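Before any comments, here is the structure.
The values are calculated or read from the model by the stated rules, or taken from the named source; none is laboratory data. Quick caveat: nothing in here was measured; it's all calculated off a predicted structure. A quick note on method: Cβ atoms are made from the backbone with ideal geometry, for glycine too, and the neighbour counts reach across all protein chains shown. These accessible areas exclude ligands, DNA and RNA; they are computed on the full protein's heavy atoms, side chains included. Shrake-Rupley method; radii C 1.70, N 1.55, O 1.52, S 1.80 Å.
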Amino acid sequence: MPVDPRHIVHLENGRLASTPRDLLRDTFRGLPAHPHGRRVVIHVHGGLVSMERGLEVAERLLPVYERARCFPIFVVWESDARETIVNHLSEIAGDPFFRALLRIVLRFAKAKVDAARAGSAGGLAIDDGAFEVAYAALASGDEPYASFDLDSVPSDIRLTQIEERQFRDALEKDPVLQREAAHLCAVLSRNNGAGARHALFNIDTLMTQSVLRDVGRELASRPVIPFAMPRRLVAGVVRVLYRTVKRLATGHDHGLYPTAFEEVLREFYLGTAIAGLWELMKADTSDAFEPDGRRFGGTALVDEVDAAWAAGYRPDITLVGHSAGSLFTCRWLQQADLRLARPVAFNVVTLAAALTFDLVDAVITAHGRRIDRIRLFGLADALERRDALVPGVYPRSLLYFVSGVLEGEADRPLVGLQRHHVAGLRHDQPACPAVGRVLRHLAGHPGSTVWSPRNGVPGQSSAATTHGSIDDDETTLESLVHFIAEEAVARR
């Protein structure tokens, strides 16, 4: 059964789409007479769902919020990027050059860790037979080296000059790398080294345009040497190995295979559509709060809250954001400080939040007075690590991928990842002051973090097992209803 349009705010690129501005105004004006109008929930779905899926979320959650005696408003923003991201990652993983790079980095990173534990010096012992057995796990959708112990890796390991030379020699002797590099050079040379998108060159690779340009310029400045890999590619692969080993040593890894995967992607493929889609989703949440409240949905909602307070109607408002939808919540709090002259504070709930600690720290520091109560729901790390974004390709969750690839630095701390709430990972040390400040703020709100599975505590329980199902999970939803009910009691 279709949801009453009064419960939907439909956005395209942040702008009001099929939702008329007058309908939004009439909805708020009618809330004082509505039996559930004293409490309002503004729910924003995640950033990897279609409009149809967003409407399905609204239809499914409407009775949940009505059970909490709330009037829900669902922000439906068109952001169907999951299929694109999954398909693009699968295509990259199928690129022969990518596969060859990943294999050689994995072999040497594993050998370096083994050598460091054994205290051996000199060259690295590469066991190709054992590697092939481990790597074969991908064929059945499993993770290579999934059980490889990284807890006892010495924190001071570094590649020696002998080991780097050994790695460079292996690059020059790898037949797949040499074949793919030769093909790349031949195509670029035919185009006089001009930099352009790979599609224009008819190159069978999804490599980042800037890398292709660098290689093209290098080829244009020197004669083509048969069977010699371009210096730009060699230097890039060496950087990948160094960064992978460093992450393994410092506790910023996501497992041996995922870390090597992320670093190859960051060095050679980060300029692809994947990064662009993520930035576009983030931009959509920001665009919703452009100044013109007649056109932009987030600003329009804030303006209606301001008008309601001016008219003497002061509802309790809970903001609920799932995954990238939690970015909308942060933008809301920022805009509230700009446009609300009255001391309105909001309850905040995030579900598997795709938020960096830096952003949350900035919001709390500048706009914390707009937060009344807060609760964060997420997966325990063991579940997060098994929630494969692309089975057989990338075995970690969407949030791991955001942290490892899409947010600039590798292993960027996210408030939705339990691993970044653990002091032993060193994310709360002086190098990451935002993490410590946010964790101290959350500590001032008892029960503010809930990591699934957790049961038995009213309002602080969850049985979700995947990133995408956390807003489907009945236990989580019951906790959400309880959280809102707690607010009702607190306001009496």
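Side notes on the structure shown:
- Residue within segment 354-366 that is without any contact (Cβ under 8 Å) to a residue 12 or more places away in the chain, farther than 28 Å from Glu486 by Cα and under 16 Å from the mean Cα position of the chain (by Cα) present: no
- Looking across segment 17-30 at every residue that is surrounded by fewer than 19 Cβ atoms within 10 Å (Cβ to Cβ) and of a type in the set (A, V, I, L, M, F, W, C), the one that is nearest to Leu55 (Cα to Cα) is identified as Ala17.
- Pairs where the first residue, in segment 162-188, is farther than 19 Å from Arg107 by Cα and open to solvent by less than 40 Å² (accessible area, probe 1.4 Å) and the second is part of a helix (DSSP H, G or I) and aromatic (Phe, Trp, Tyr), C-beta under 9 Å, 6+ apart: Glu180/Phe97; Ala181/Phe97; Leu184/Phe97; Leu184/Phe201; Val187/Phe201; Leu188/Phe201
- Near pairs, Cβ below 8 angstrom, 6+ apart or cross-chain, from segment 117-141 (on the phi < 0 side of the Ramachandran plot and of a type in the set (Ser, Thr, Tyr)) to any residue that is open to solvent by less than 80 Å² (accessible area, probe 1.4 Å) and assigned to a helix (DSSP H, G or I): Tyr135/Arg103; Tyr135/Leu106
- Screening Gly46, Gly14, Gly54 for residues that are at pLDDT below 95, under 14 Å from Ala300 (Cβ atoms) and open to solvent by less than 50 Å² (accessible area, probe 1.4 Å) leaves exactly one candidate, Gly14.
- Among the residues of segment 323-353, those that are touching a residue at least 40 places away in the same chain (Cβ under 8 Å), more than 25 Å from Thr466 (Cβ to Cβ) and not polar (S, T, N, Q) comprise Arg331, Trp332, Arg339.
- Scanning segment 121-142 for residues that are touching an Asp or Glu at 6+ places or on another chain (Cβ under 9 Å), surrounded by 12 or more Cβ atoms within 10 Å (Cβ to Cβ) and closer than 22 Å to Ile162 by Cβ yields Gly123, Leu124, Asp127.
- Positions within segment 330-346 being farther than 18 Å from Arg375 by Cα and open to solvent by 20 Å² or more (accessible area, probe 1.4 Å), in sequence order: Gln334, Asp337, Leu338, Arg339, Ala341, Arg342, Pro343
- Enumeration of residues in segment 256-294 that are crowded, with 21+ Cβ neighbours inside 10 Å, assigned to a loop (DSSP other than H, G, I, E, B) and touching a Phe, Trp or Tyr at 6+ places or on another chain (Cβ under 8 Å): Tyr269, Ala288, Phe289
- Filter result (open to solvent by 10 Å² or more (accessible area, probe 1.4 Å) and outside any loop (DSSP other than H, G, I, E, B)) within segment 312-326: Asp316, His322
- Val75 touching a Gly at 6+ places or on another chain (Cβ under 9 Å) and crowded, with 21+ Cβ neighbours inside 10 Å: yes
- The helices (runs of 4 or more DSSP H) falling completely within segment 17-132 that include 2 or more residues that are farther than 30 Å from Glu474 by Cβ map to 21-30, 82-94, 96-118.
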